[in-house]
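Below you'll find the structure, written out as structure tokens, and then a few comments.
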Amino acid sequence: MGPTMVYFIQKFSRASSKMLKYPSTIRLGARRRIETFSLKTCLQQNFSPLFPRPWLVSSFPVCMSKTQYYHTSPCSFKKKQEQAVLPARPPQTISYLPDSPKPALYITLAGLIPFIAPPLVMVMTKTYIPILAFTQMAYGASFLSFLGGIRWGFTLPQGSPAKPDFLNLANSAAPVVFSWLAFFVSERLSEAIVTVIIGLGIALHTELFLLPHYPNWFKALRIVVTLVAFFSFVITLLVKDFYPEKGPKRLRQVE
């Protein structure tokens, strides 16, 4: 054996003894998480088994601060999840319809017949009958006056949430004005029907958003009535445009 081979065997035996002496250092990266791996890297940069460095203690907290940056507390993560939960949305107004008192529900459903019957008859006969359209418009205008009276009467009781102030009383008179205007232009029936539709929409918007003092079941009934009236008037206007006209325009013209 030459001197070179002897020197190589000596170096190999020294390396094997170091591996047996520090086995955890060799397998540290394979069994530890990222925090321990960062600590090992920092210690390897500042520590040597043969030549210990005096600034080992001062550099150790720096390594710890770097590893703490990756730490995630389960408690704080749970708080973030709780904050991310949105509050439950309130139920829609129409969902309160089953809570309506039975008399109010039945009378309201019966009150929809004058809205539905005229356009239904005209669609079935495929003719536009002006007198039926006029009765439908007159009923809608009368219903507007009824809504204004409900608002006025709602403010009168002593313990009512709606006070008899200028805002409530003026809004109770607004549907009556639209009702009067519809009768005023009733010679032009289409304009009168559009006036009633506008009055119903303004009254519904006022009761739901501007003056929300009514019970939820009453608001649900108002939504149903307004939608049925709106679509029935729209059908009447469409029938007038697409079907031939037949019959008198007013009751006094009937022979």
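Points to keep in mind about this one:
- Cα-Cα P(r), the range 179-220, percent of pairs per 5 Å interval: 5, 24, 22, 14, 14, 12, 8, 1
- Distant-in-sequence amide contacts of residue 128, defined by a placed amide H-H separation under 5 Å and a gap of 5 or more residues or a different chain, comprise 245, 246.
- Most tightly packed first, judged by the mean number of other beta-carbon atoms within 10 Å of their residues, the peptides 161-174, 224-237 read 224-237, 161-174.
- Global geometry of the range 105-146, whether rounded, prolate or oblate, following the gyration tensor of its Cα atoms and the 1.5 cut on a/c: oblate
- Computed packing ranks the peptides 149-155, 98-104 as 149-155, 98-104, most packed first, by mean other Cβ atoms within 10 Å.
- Accessible area per residue, Å², the range 192-255 with all protein chains present, probe 1.4 Å: 56
- In the range 174-236, GluC sites (Glu not before Pro) in a DSSP loop with at most 14 other beta-carbon atoms within 10 Å: 187
- Phi-based couplings in Hz for the range 154-165 (Karplus 6.51, -1.76, 1.60; Gly and Pro marked x): 5, 8, 7, x, 5, x, 6, x, 8, 7, x, 9
- Spin-label pair residue 146/residue 246, simplified geometry with 7 Å Cα→Cβ offset, distance in nm: 3.0
- Along principal axes, Cα extents of the range 132-241, largest first, whole Å: 49, 26, 18
The values are calculated or read from the model by the stated rules, or taken from the named source; none is laboratory data. Just so we're clear, the structure is a prediction, and the values are computed from it rather than from any experiment. Don't worry about glycine lacking a Cβ; one is built from the backbone with ideal geometry, like all the others, and counts go over all protein chains shown. What goes into the accessible areas is simple: the full protein's heavy atoms, side chains included, and nothing from ligands, DNA or RNA. Shrake-Rupley method; radii C 1.70, N 1.55, O 1.52, S 1.80 Å.
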